[in-house]
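A short worksheet on the structure shown next.
Just so it is clear, none of the values below were taken in a lab; they were calculated from the coordinates. A quick note: this is a predicted structure, and the numbers were derived from the prediction, not measured. Ideal geometry is used to build each Cβ from the backbone, glycine not excepted, and the neighbour counts take in all protein chains shown.
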Amino acid sequence: MKIETLFLDIGGVILDPDKRFWDRLETEHGVASGAEELFYGEEGPWHACKTGQITYDDYVTKMAVQLGLERRLLAELRAELEWVVIDPMVEWVRKVKAHHKPLIIALSNADTTLEERLVTLRLEDLFDHVINSARVGLAKPDPEIYRLAMTYTPSLPSACLFVDDRERNMPAPQELGMHTVVYRGFEDFSQAVHPYFAFD
């Protein structure tokens with residue numbers, strides 16, 4: 001099966017959260033372990049941020065209150081230690097673009113700083129389109145965001161591959177007829193996608 005459109009998550013697939021951020025919150029600022037769940041848990045302000053109901057600045061303000069930190073300090077630390085590029089994945093995507101030429105679309109639960117972040121990291125050319133949950137008002141695993149994603153491609157779902165690091169985000173695209181791969185590290189990933197994108 002030829003894959004014509006590749007949908008890629010960004011956080012956990014192209015970029016990894018910088019672990020030093022969580023370590024410094026705990027060791028330097030006395031924040032209890034488990035802050036990552038506070039930042040990205042469904043019960044906190046992240047849901048409103050990733051669906052565009054509040055701004056990123058409002059999100060940081062709310063998180064500072066929850067963590068008992070000065071807002072300026074949290075914002076500066078977050079800007080300094082936010083994401084680390086997963087280099088093997090970026091190299092793989094560039095290789096796929098060169099050899100197989102699929103349409104490559106980012107499908108990310110993110111805040112409105114995502115596009116700027118991609119430019120800063122020199123990754124903006126990686127994608128033909130970026131579907132940012134905060135800008136479209138929908139977030140994975142809501143089936144509607146996958147239906148929206150299909151409007152960005154002329155491909156049938158059976159010619160699409162969706163890659164994400166969360167198992168919970170897979171049922172909806174599978175029901176649409178997409179192929180899916182859960183990213184659990186580059187070595188396993190490269191084996192899983194070999195049937196779709198072989199280079200030998």
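Against the chain, whose longest principal axis comes from its Cα atoms, helix 71-80 is set at around 40 degrees. Summing Cβ point charges (Lys, Arg +1; Asp, Glu -1) relative to the Cα centre of the range 19-81 gives a dipole of roughly 140 debye. Remark: Tyr196, Tyr146 ranked as Tyr196, Tyr146, counting other beta-carbon atoms within 10 Å and listing the fewest first. The long axis of helix 87-99 is offset from the longest Cα principal axis of the chain by roughly 30 degrees.
Charges were assigned to the Cβ only: +1 to each Lys and Arg, -1 to each Asp and Glu. The resulting dipole of the chain about its Cα centre is roughly 480 debye. Look at the dipole of the chain built from charges on Cβ: of Ala172, Thr27, Ala110, the Cα furthest out on the positive end belongs to Ala172. For the chain, the normalised intensity computed at q = 0.18 Å⁻¹ comes to -1.28 (log10 of I(q)/I(0), Debye sum over alpha carbons, equal scatterers, no solvent). Of all lysines in the structure, the ones whose alpha carbon falls short of 23 Å from that of Lys19, not counting any fewer than 8 places away in one chain, are Lys50, Lys62. The residue list Ala79, Tyr59, Phe39 was ranked by how far each Cα lies along the charge dipole of the range 19-81 toward its positive end, using unit charges on Cβ atoms, and Ala79 comes out on top.
Listed by chain and number, the lysines whose alpha-carbon sits under 25 Å from that of Lys95, ignoring those within fewer than 8 places in the same chain, are Lys2.
Given R0 = 45 Å, the distance between the Cβ atoms of Glu175 and Trp83 translates into a calculated FRET efficiency of 0.90.
With r as the distance between the Cβ atoms of Leu148 and Arg71 and R0 = 30 Å, compute the FRET efficiency 1/(1 + (r/R0)^6) and round to 0.05. Plugging the Cβ-Cβ distance into 1/(1 + (r/R0)^6) gives 0.35. Ranked for footprinting exposure by Cβ neighbours inside 10 Å, fewest first, Met89, Met1, Met170 give Met1, Met170, Met89.
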